[in-house]
Amino acid sequence: MSKVAVITGSTRGIGAASAEALGREGFTVVVTGRSQSKVDTSVKKLRDNGIDAFGTTLDVTSQHSISAAANFIAHSVGHVDVLVNNAGILPEATAQGASIVDPMVASDTFATNVVGPLNVIEAFLPWLRESQAGRIVNVTTRMGSLAEQADPTSPYYSMVVPAYQASKAALNSVTISLSKSLANTGIVVTSVCPGFVQTDLTPVNRDQATTTAEQAALVVLAAATLPARSASGTSSTSMGPSAGSSPASPPLRNSQLRWRRGQRRDDPRNDPLCRRRHLGHPRVSSDPPSTRHMVETTKPMNAR
Ligand SMILES: NC(=O)c1ccc[n+]([C@@H]2O[C@H](COP(=O)([O-])OP(=O)(O)OC[C@H]3O[C@@H](n4cnc5c(N)ncnc54)[C@H](OP(=O)(O)O)[C@@H]3O)[C@@H](O)[C@H]2O)c1
């Protein structure tokens, strides 16, 4: 019986690449998205590539949709081993007019990036608890690091997309609190930062990001396949577990990462939206980011 991985927002971008990476690893992949036709197209593409996949609609902002998807998946395969909370939005990249952030933009951002994952986790937890290797992967960003945002020497210091950054900080917090709530289970919870990735997250990502979705998916794959007794509540990037991760935490499989010739993995300019001036956001200065190396701040709370 193959393991089952559910990935939110997996009809495009990092989610779609993660579905393919997990499928190639032998998982039965459950593609989810807001559009049934996009789900069908994605499932067909995966199956054409020899991957065991099926799909269902799942809007993370709708409790009804989450419940229906969880019921459908449970009846289809009867178990879930990996949940990837990938669906996310950054509407501030294009929003105009508000002095800080438009209330609707802030509300939508939190509904998708924080409340959605929490509700999806709640719906799938009964199956994850029954798995021998339950894994929850929350796709976040270093832009959500409170320490980076408060450190004047950090290249993230002058970035101002408050709703998105606050939402990802909250999701990092969810990772840590979940690791404590699930300490007596075999479930490992991880936050991953995929880098600055060529997707449709903002108008600039596709053209200016340095990381492909396929490369980003390897970070998700590594967290989804962490061995038993790995540290829970940690944060990982393409460089592996972040500084401060427990020695008990096994390294991610960095050997799987393939970078462009000459590209430095530890160069913050290769991280998401470091070159925020390209967002075109009115509060974003055009100062080039510092090239100091990054220090991730989410620390493991529950070494296994
Ligand atoms: N790209 C980067 O540089 C970067 C860096 C750090 C972190 N991330 C994170 O990576 C994740 C994936 O982003 P991406 O770069 O792949 O962006 P993307 O190409 O814009 O994909 C976002 C995905 O989320 C889905 N989605 C949005 N709202 C949803 C909802 N209410 N319910 C279900 N699915 C929803 C979208 O589905 P639809 O097709 O229905 O819109 C789409 O599949 C996000 O959490 C993002 O914050 C990205």
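Only the coordinates and a few stated rules stand behind these numbers; no lab work does. Note that the coordinates shown come from a computational prediction; the quantities given were computed from them, not determined experimentally. Every residue, glycine among them, receives a Cβ derived from its backbone with ideal geometry; neighbour counts consider all protein chains shown.
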Could you order the peptides 224-234, 127-137 from most to least packed, using the average number of other C-beta atoms within 10 Å per residue? 224-234, 127-137
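Size of the dipole of the range 1-135 about the Cα centre, Lys and Arg at +1 and Asp and Glu at -1 on the beta carbon, nothing else charged, in debye to 20? Each step should come with its number before you reach the end.
Values: 10 positive and 12 negative charges, 64 e Å.
Here the size comes out at about 300 debye.
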In a Debye calculation with equal point scatterers on the alpha-carbon sites of the range 30-92 and no solvent, what is log10 I(q)/I(0) at q = 0.18 Å⁻¹? -0.70
The range 112-176: relative contact order as a whole-number percent, Cα under 8 Å and 6+ apart: 38 percent
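For the peptides 33-46, 76-89, 202-215, what is the packing order when you average, over each peptide's residues, the other Cβ atoms within 10 Å and list the highest mean first?
Working: 33-46: 17.1, 76-89: 23.1, 202-215: 18.6.
Taking the mean over residues of other Cβ atoms within 10 Å, the ranking is 76-89, 202-215, 33-46.
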In percent, what relative contact order does the range 4-279 have, based on Cα pairs under 8 Å that are 6 or more apart in sequence? 17 percent
Distance between the C-alpha centers of the range 29-100 and the range 136-169? Whole Å please. 25 Å
Rh (Kirkwood, all Cα-Cα pairs) for the range 92-229, Å, reads 16.4 Å
Can you tell me the length gained on complete extension of the stretch residue 1 to residue 177, counting 0.36 nm per residue apart and subtracting the Cα distance? 60.3 nm
Could you work out the Kirkwood radius for the range 4-279, taking every pair of different alpha carbons, averaging 1/r and inverting it, reported in Å? 18.6 Å
Ranking 165, 209, 106 by how far each Cα lies towards the positive end of the charge dipole of the range 4-279 (+1 on Lys and Arg Cβ, -1 on Asp and Glu Cβ), the top one is 209
